[in-house]
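For reference, the structure is listed below as structure tokens.
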Amino acid sequence: MIWGVDVASMLLGGVAAGMVLFIVSVGLSVTMGLMGFVNLAHGGFAMLGGYAIVQAMKHWGLGFVPALVFGFVVTALVSVVLERLLYSRLYRANELDQVLLTIGLVFVMIASVTLLLGPENQPIRLPAALQGQIDLGIVRYRTYSVVLIAAGLLIAAALWLVFERTQIGAQIRAAVDNRRMAESLGINIDRLFTITFAAGSGLAALGGGLGAEFLGLDPQYPLKYLVYFLIVVAVGGLGRVTGVFWAALLIGVLDFVLKKYLPQGGTAFIYAFTILLLLWRPQGLFGGAAR
Amino acid sequence: MISPPPSGPLDRPAAHALAGRHWLRAWEPIPWILALGLFVLFPKHLAFGTELLVTILFALSLDLVLGYAGIVTLGHAAFFGAGAYTVGILAKRGLWTEPITGLILAAAVAAAVGLGSGVVLLRTRGLTLLMLTLCTMALLEEAANLAHDYTGGFDGLDSLPIAPLLGRFEFNPLYPTTQYLYVLAVLFVCFLFVRTLVYSPFGQSLTGIRENILRMRAVGAPVRQRLVLCYTLSAAIAGVAGGIWAQANAYVNLGTLALDRAATVLIILVLGGFGRLYGAFIGAVAYMALSHFLSKVYPTGWQLGLGLLLVVIALFANNGILGLVETCSRALRRRGAGAPAPGASAGQ
Amino acid sequence: MLNRIIAIATVLAATTTWAHAQEVKVGVNLPYTGIGAEFAQLVDRGMDLYLKLNADKVKPYKITLVKRDVKDPGGANAKIAVQELLTQENVDILAGWIYSPNAIASAPIVTAGKKLAVIMNAGTAHITTMSPYYVRTSFSMWHAGYAMGEAAAKQLNAKTAVVGYTDFPPGKDSLAAFKRSFEAGGGKVVDEIPMGGAGAVPDFTPFFQRAKDRKPDVFFVFVPAGDHAAAVVKTYAALGMREAGIKLIGPGDITQDTKLQAMGPAAVGLITMHHYHADLDNPENKRFVEAWKKEYGATSTPDFMAVGGYDGMAAIVHVVQTLKGKIDADKALEALKGWKFNSPRGPIMIDPVTRDIVMNEYLSEAVMKDGRVFQKTIGKIDAVKDACKEQKIGPCAPK
Amino acid sequence: MPPGGPGDAPAAPLLETRRLCRNFGALAAARDIDFRLEAGARHALIGPNGAGKTTFVNLLSGLIRPSAGQVLLKGNDVTRVVEAERVKLGIARTFQINRLFRGLTVLENVYLAVAERLGAAPSMLRPAGRRLDVVLESMRLLETLKLADDAGHRVSELPYGRQRLVELAITLGLTPDVLLLDEPAAGVPSAESHVILDAVASLPRDIAVLIIDHDMDLVFRFADRITVMVGGAIFATGSPREIGANPDVRAVYLGQAHRG
């Protein structure tokens, strides 16, 4: 029984952390898979979204859920503007020029947020119902972790439906598998990318808001967590929604277990795990063959 | 001068261009004159100047793998750190304090790390390789943090007893004149080596690997072996950069192994223009001078200016500042001559 | 030949420009950007506020602040900043240092530059031993850690403790300090949990779960101030550790004033030992907090970092007055040794032997009062010295 | 039609495969291929799209590994020998879609191949241009292929037809014993294709050539032996006359269901 409680609480904690990783990273994975665009500013959209959500709750008294919706929409809109103005000019450019552009954008985002709202961490106030603990029968656990898991599952299910059951989902899958083929079938890749980019950034915003309780929210956010997002994308396989999902959960749970039982190892285990996994499967757990 | 044999083919302009492309161009001494000029005219800026020169050396080592062999890595600080800790640990324990031989040891250790990781990692490319190099570096950083007894952990190793250069010139922390000239000399030697290398047939074959790795295999090149060799040489130079940084500062810490350093040097090289030898110089000067002087006048908001510069260069220049210069000068020449410019080889 | 060139260049560089008798230049190095930007702002505001509130005490001299961004804890940028402040700006006094590694890296330059250097935050215990010109107006990790260990054993009657700490030198210092006094007082540290580096993800759930499984009387946590502190309290509450009968204690970093209100009721019951919090009841502090809110907004609050800057500037002004605007490092040190000041944190003094600060430590409990979290002082230890240097432990022992 | 070569003598083929198979998942792209290429042969490989011709060339050059079976070069088993090593043993190829060093000049493209063959490539301390032997040989080759005027131009600046010639030039720079040409004129406007076809026709007689092409005129003019592939297997092999007269082959090419 004690053992069961232990395992259950470990799974809950790890899965909840994994869900945050999933929500933020999934957009990055799909846009990178679709266009091969190295968007290092993805975490920046998570930060912008998180800020929008916190500010909306603080100044306009918006509830948590309406604020999340607001953050999604605002960030998606901002990202479309940036995508049309900046990203679209570099679709066929060298990936290193893309790195330069997106890192530059990250610097601009960090500096703007710092100048406008200060360098300090932005605390998020969760509704009282989401704080404290919840009794799940076998174990009492942090309510918000359970909420995160539910939210993550909901988003994953919605994404699955979009990808499997809609025209646009089918187009994205086709384009990720073989862009040239998809183009020759008359799929408008640029338009597809704009839509995916907006949705992915919006999701990142949700992740920024939902994860703020764990990850905090400050101007350095886009750089602080970039490595984690990239690890999830690489381990999951580019452009694979299910891949990102399982990779995020795997890393979330593994990180949790290792931290609990081997805290002395620091974060070294996650890096070692990523190295071994990528050597074993260079295209990630769910990635296709090398292209 | 080349002395063409009686046969005709070597008289063609393309053959002349290839045979003479390693020749010194008129403007090539300029960076070195400027560096000496800085020493004479701005003696108060030598601490910054020393850091700038070390960064150029580090970026140059990255250019070898990234610009010439096309290996995109986010883990190059692993070698910088390996070199820095080699110098630091040997000096702190009183085992080795002579600077020049210390650099050779730093290069050897970094090369060993490069060889070991290169053999394992260079079978992959793209995002996978990027993440593998990054994680390897992060692992080394963790290891350095855990090996507190040797590395000083987060605090690092301070007040390293570095022997005077050539037995005569002390390293003064406040007026780093010796450091500056020392780093400049080492940079010059390393630059000559890299320059020779990229114009050699070996360098040419690296360019071939960058341009089309599959075709390189199809002409019979042992691609993996070349990449590993190039990676090892580059690691050795990065190790020299790290070692000399530790000597000049009499200090090592975990920052030498950090992602920050690896990412910054990548940005610097891309900003300057990779695969062009001088991109390391231009990029380091542009990036560091801008952030240094902008942060003096505007300590809280200088990142905005830097970010905008990166965005503008990415949007309007094809391959960094040197790419922009090349495009402009080609356009000017075309307008001036009214004839198509002769195809210059890429990578020069 | 080369020798001579270097010598000439050195002389050229060293020729100091004319210093106005009336103007004193203070070179400030702080991480105005990057992960420490928030802390830099607090220290910076603390300094500015002192000058603003005490304009008459500065007269007839003029203090000019030359501010430099040191960007990161990497050491190199801080070194360059300090070197240039000394050689280009010819500052009379140095100040700043948020991060300990930067203070460590700068030490040789400070020594070579022969200028008074006031450390306004960096807390690793031994850094004041690294240069004879370092004077610290902030704290050492041992101040709070050591006092907390004593209080936990005696006042809180704890028998067992688990220590969770951020795995970098201030964290290790804090662990060592707490453990030493707690075990001397008859307690036992049953588990020591390193919780990742300073830059790690501030999700402490797994570590706290491990601590909870150990069922200690108290859980002593050190994390660097900032967003990590908020996460500590949230995790503690959310895992139901209070209900499990485990008291969360630590240095004041975990109840940093700037984060406290955002923690809300979850923070209630936290017991911390520190040299400052904004709710301290003394006239100096009342004046300080009031002026702060007037200057930087009603929702803004000073904290222990701000006080480090504030007191540091007070020390500098004292030096300027004593030396009549002509700053000489050795005389400045003499002026500061044994200097006493009525700070918002209560009476403070610079230890004439160690050049480190001597100050009161306050044991506080977070309670709800008038709808906000309030730090109630429940105990006080007068004139605490840095125990690490007092007891000559590890790197604090004289070489 | 060229006169019958030494292909009539079955003694020791230059290149041979035995029951060569390659599967991609459930798809068998090469099935039990027994094939012989004689020294000095002009051998054409034809078949409808998707017949597995390029897969077969990839197996011969070592770009991909077979699922089963053997590849023999001059009687030696080279099945396990990697692509780059096979080049050293004398097998070289062109690609159906250009694989060039697009950012480099035409001369540098050929230089890379010649430098590898002459063992100059590992040299680090001499300037590439000082290896006059490599430069000279590269230039001579370009002159032979009438590319010398373009030698200084970047490959990406050339029209596609010229690029196809560079593709051929790189391969010839390796002076192979066995030359595998995968649709050398594919994608080239017919006005320009004759240059490539002339170049192919004037290859040295001692090289054994295997050519894939859809242009039947070219195939029947050039080849002294033709192999027809269908569905990953060899469907027929014979002299051009035999293949031309084979009703099954005609059926395949006229799109009728064969043996239908």
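The values are calculated or read from the model by the stated rules, or taken from the named source; none is laboratory data. All values derive from a computational prediction rather than experimental measurement. Don't worry about glycine lacking a Cβ; one is built from the backbone with ideal geometry, like all the others, and counts go over all protein chains shown.
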Inset, instruction - Count, please, the residues in region A:232-262 that happen to be closer than 28 Å to residue B:153 by Cβ and within 13 Å of chain B (Cβ to nearest Cβ). - result: 3
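Given the residues C:171, C:145, C:164, which is the only one that is in contact with a helix residue (DSSP H, G or I) (Cβ under 9 Å, 6 or more places away or on another chain) and either part of a strand (DSSP E or B) or among the hydroxyl-bearing types (Ser, Thr, Tyr) (or both)? Talk me through it step by step, then tell me what you get.
Numbers: C:171 fails: either part of a strand (DSSP E or B) or among the hydroxyl-bearing types (Ser, Thr, Tyr) (or both); C:145 fails: either part of a strand (DSSP E or B) or among the hydroxyl-bearing types (Ser, Thr, Tyr) (or both).
None of the other options fit; the residue is C:164.
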Legend entry - Failed item, numbered, when residue B:20 is tested on (1) more than 14 Å from chain D (Cβ to nearest Cβ); (2) farther than 19 Å from residue B:322 by Cα; (3) surrounded by fewer than 23 Cβ atoms within 10 Å (Cβ to Cβ): (1)
Legend entry - Residue, farthest from the chain's Cα centre (by Cα), within region C:171-192, restricted to residues that are within 12 Å of another protein chain (Cβ to nearest Cβ) and farther than 23 Å from residue A:225 by Cα: C:191
Inset, instruction - Test residue C:239 against the stated conditions and say whether it is within 12 Å of chain A (Cβ to nearest Cβ) and on the phi < 0 side of the Ramachandran plot. - result: yes
Inset, instruction - Starting from residues that are among the small types (Gly, Ala, Ser) and more than 18 Å from the chain's Cα centre (by Cα), keep the ones in region B:113-122 and report whichever is surrounded by the most Cβ atoms within 10 Å (Cβ to Cβ). - result: B:117
Legend entry - Verdict on residue B:104 being aliphatic (A, V, I, L, M) and surrounded by fewer than 24 Cβ atoms within 10 Å (Cβ to Cβ): yes
Inset, instruction - Determine whether residue C:184 is at pLDDT below 90 and surrounded by fewer than 23 Cβ atoms within 10 Å (Cβ to Cβ). - result: no
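Only one residue in B:242, B:275, B:203 is buried (at least 24 other Cβ atoms within 10 Å of the Cβ) and in contact with a Leu (Cβ under 7 Å, 6 or more places away or on another chain), so which one is that?
Details: B:242 fails: in contact with a Leu (Cβ under 7 Å, 6 or more places away or on another chain); B:275 fails: in contact with a Leu (Cβ under 7 Å, 6 or more places away or on another chain).
Selected residue: B:203, the only one of B:242, B:275, B:203 that is buried (at least 24 other Cβ atoms within 10 Å of the Cβ) and in contact with a Leu (Cβ under 7 Å, 6 or more places away or on another chain).
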Legend entry - Index of the failed condition, residue A:285 passing every other in (1) at the interface with another protein chain (Cβ under 10 Å from one of its Cβ atoms); (2) over 17 Å from the mean Cα position of the chain (by Cα): (1)
Legend entry - Failed criterion for residue A:29 (all others in (1) within 27 Å of residue A:88 (Cβ to Cβ); (2) part of a loop (DSSP other than H, G, I, E, B) hold): (2)
Inset, instruction - Answer yes if at least one residue in region B:112-124 is touching a Gly at 6+ places or on another chain (Cβ under 9 Å), at the interface with another protein chain (Cβ under 9 Å from one of its Cβ atoms) and in a helix (DSSP H, G or I), and no otherwise. - result: yes
Inset, instruction - Scan region B:160-179 and give yes if some residue there is over 30 Å from residue A:235 (Cα atoms), surrounded by fewer than 18 Cβ atoms within 10 Å (Cβ to Cβ) and within 14 Å of chain A (Cβ to nearest Cβ), otherwise no. - result: no
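Taking the conditions exactly as written (within 14 Å of chain A (Cβ to nearest Cβ) and either in contact (Cβ under 8 Å) with a residue 12 or more places away in the chain or part of a loop (DSSP other than H, G, I, E, B) (or both)), does residue B:67 satisfy them or not? Outline the logic, then answer.
Working: within 14 Å of chain A (Cβ to nearest Cβ): yes; either in contact (Cβ under 8 Å) with a residue 12 or more places away in the chain or part of a loop (DSSP other than H, G, I, E, B) (or both): yes.
When the stated conditions are applied, residue B:67 passes them.
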Inset, instruction - Could you identify the single residue in A:92, A:173 that is under 23 Å from residue A:243 (Cβ atoms), out of contact with any Cys (no Cβ under 8 Å at 6 or more places or on another chain) and not hydrophobic (A, V, I, L, M, F, W, C)? - result: A:173
Inset, instruction - Answer yes if at least one residue in region A:2-23 is under 22 Å from residue A:259 (Cβ atoms), part of a helix (DSSP H, G or I) and among the polar types (S, T, N, Q), and no otherwise. - result: yes
Inset, instruction - Considering (1) more than 10 Å from every other protein chain (Cβ to nearest Cβ); (2) within 30 Å of residue C:192 (Cα to Cα), say which one residue A:265 fails and leave the rest. - result: (1)
Inset, instruction - Could you look through region C:85-99, keep only residues that are modelled with pLDDT under 90 and at the interface with chain B (Cβ under 7 Å from one of its Cβ atoms), and pick out the one that is nearest to residue C:136 (Cα to Cα)? - result: C:87
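Condition first: closer than 17 Å to residue C:44 by Cβ, buried (at least 24 other Cβ atoms within 10 Å of the Cβ), in contact (Cβ under 8 Å) with a residue 24 or more places away in the chain and not acidic (Asp, Glu). Can you find one or more residues in region C:124-135 that meet it? Full working, then the answer.
Filtering region C:124-135 for residues closer than 17 Å to residue C:44 by Cβ gives none.
No, that holds for no residue.
Residues are listed down the side, and each one gets a yes or a no for (1) over 25 Å from residue D:168 (Cβ atoms); (2) at pLDDT 95 or above:
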{"position": "B:189", "(1), (2)": "yes, yes"}
{"position": "B:200", "(1), (2)": "yes, no"}
{"position": "B:221", "(1), (2)": "no, no"}
{"position": "B:231", "(1), (2)": "yes, yes"}
Inset, instruction - Provide a single number: the residues in region C:19-37 that are within 14 Å of another protein chain (Cβ to nearest Cβ) and touching a helix residue (DSSP H, G or I) at 6+ places or on another chain (Cβ under 8 Å). - result: 9
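Checking the condition crowded, with 21+ Cβ neighbours inside 10 Å and closer than 25 Å to residue C:299 by Cα, which residue from A:71, A:118, A:104 passes?
A:71
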Legend entry - Residue check for residue C:377: in a loop (DSSP other than H, G, I, E, B) and polar (S, T, N, Q): no
Inset, instruction - Output the helices (runs of 4 or more DSSP H) that fall wholly within region A:155-219 and possess 1 or more residues being touching a residue at least 60 places away in the same chain (Cβ under 8 Å) and basic (Lys, Arg), or say none. - result: A:179-184
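What helices (runs of 4 or more DSSP H), lying completely within region B:254-332, carry at least 3 residues that are facing another protein chain (nearest Cβ under 8 Å) and under 30 Å from residue B:135 (Cβ atoms)? Please lay out each step first, then the result.
Values: elements: B:259-272, B:279-297, B:302-316.
Of the helices (runs of 4 or more DSSP H) lying wholly inside region B:254-332, those with at least 3 residues that are facing another protein chain (nearest Cβ under 8 Å) and under 30 Å from residue B:135 (Cβ atoms) span B:259-272, B:302-316.
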